[in-house]
Amino acid sequence: MAEAVVFDMDGVLVESEHLWEEFWAAFAAERGAQWGPEQTKRCQGMSAPEWAAFLTGFAGGGDSPEATERAVVDGMVRALEEGRIDLLPGARAMVADAAACAPIALASSAPRRVIDGVLVHHGIDHHFKVTVSSAEVARGKPSPDVYLAAAERLGVSADSCLAVEDSSNGLRAAAAAGMTVVAIPNPQYPPAADALAAAVFAAADHDAVRRYLLSRLKEGDRA
């Protein structure tokens, strides 16, 4: 039985992947560069310093990576305040029920400002024992660093954790950490077949994922 659950945030708890793409593309367009699906695919899973460096070079506007990151993250924070970052259907119950059975953590590519803002805004921050941004570890996804850090801070082994992910690089990161991977494939940005193959369970329905998580936790009879 699993001892803990580690959730991704963008695309798993909230509908926000399209907003990252929107702000990356807008930043590039303001500097005369055309952002497309290939650039989005490349950046998904990167930490904020990683995608900021890439976007800065791609846009070619002479900005510093720090200024690029600040501009995009400011946009995401405004979007949250404007009610544009919604919890996905069933995400609240999935988090609350998992937390009632075992310690849960968040391992997100989002920067700290966005993580804290989203969790507090939606009133689910109290469920998480640990939250880790990939900006706080050496490498972003698909490297396993953020998942390994989450497990370490929870005080459990990575191979005793369930990890819930939606994207290619997130699925790869969780698998590389040795966690049991559960997929909620993002319909707008579907994961690659090789990444999805790492998942032991996959469903588009959050309630189905909730029930699976509870079945694997030590107190799974609460399902």
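The values are calculated or read from the model by the stated rules, or taken from the named source; none is laboratory data. This one's a predicted model, so the numbers in the text were calculated from it and none came from an experiment. Quick reminder, even Gly has a Cβ in these numbers, built from the backbone with ideal geometry, and neighbours come from all protein chains shown.
A few notes on this one:
Conditions (1) closer than 18 Å to A110 by Cα; (2) hydroxyl-bearing (S, T, Y), marked per residue:
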site	(1), (2)
P142	yes, no
A173	yes, no
A176	no, no
A208	no, no
S215	no, yes
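- You will find that of A151, A135, A208, A175, the residue that is surrounded by 18 or more Cβ atoms within 10 Å (Cβ to Cβ), in a helix (DSSP H, G or I), assigned by TED's automatic domain parsing to the domain that holds A99 and without any contact (Cβ under 8 Å) to a residue 40 or more places away in the chain is A175 and no other.
- Of the numbered criteria (1) buried (at least 19 other Cβ atoms within 10 Å of the Cβ); (2) touching a Gly at 6+ places or on another chain (Cβ under 6 Å); (3) farther than 14 Å from V114 by Cβ, the one R31 fails is (1).
- Top-ranked residue in the range 34-53 [being buried (at least 17 other Cβ atoms within 10 Å of the Cβ) and either at positive phi or more than 19 Å from the chain's Cα centre (by Cα) (or both); ranked as modelled with the lowest pLDDT]: G45
- Considering A199, A158, A173, the condition of being farther than 27 Å from W20 by Cα and in contact with a helix residue (DSSP H, G or I) (Cβ under 8 Å, 6 or more places away or on another chain) is satisfied by A158 alone.
- Single condition I85 does not satisfy, out of (1) within 20 Å of M1 (Cα to Cα); (2) surrounded by 21 or more Cβ atoms within 10 Å (Cβ to Cβ); (3) over 11 Å from the mean Cα position of the chain (by Cα); (4) in contact (Cβ under 8 Å) with a residue 60 or more places away in the chain: (1)
- Only one of the listed residues (M76, M94) is in the same structural domain as W24 (by TED's automatic domain parsing) and aliphatic (A, V, I, L, M). That residue is M76.
- Any hit, the range 128-140, residues being in contact with a Cys (Cβ under 7 Å, 6 or more places away or on another chain) and modelled with pLDDT of 95 or more: no
- Matching residues, the range 102-128, being touching a residue at least 60 places away in the same chain (Cβ under 8 Å) and surrounded by fewer than 18 Cβ atoms within 10 Å (Cβ to Cβ): H122
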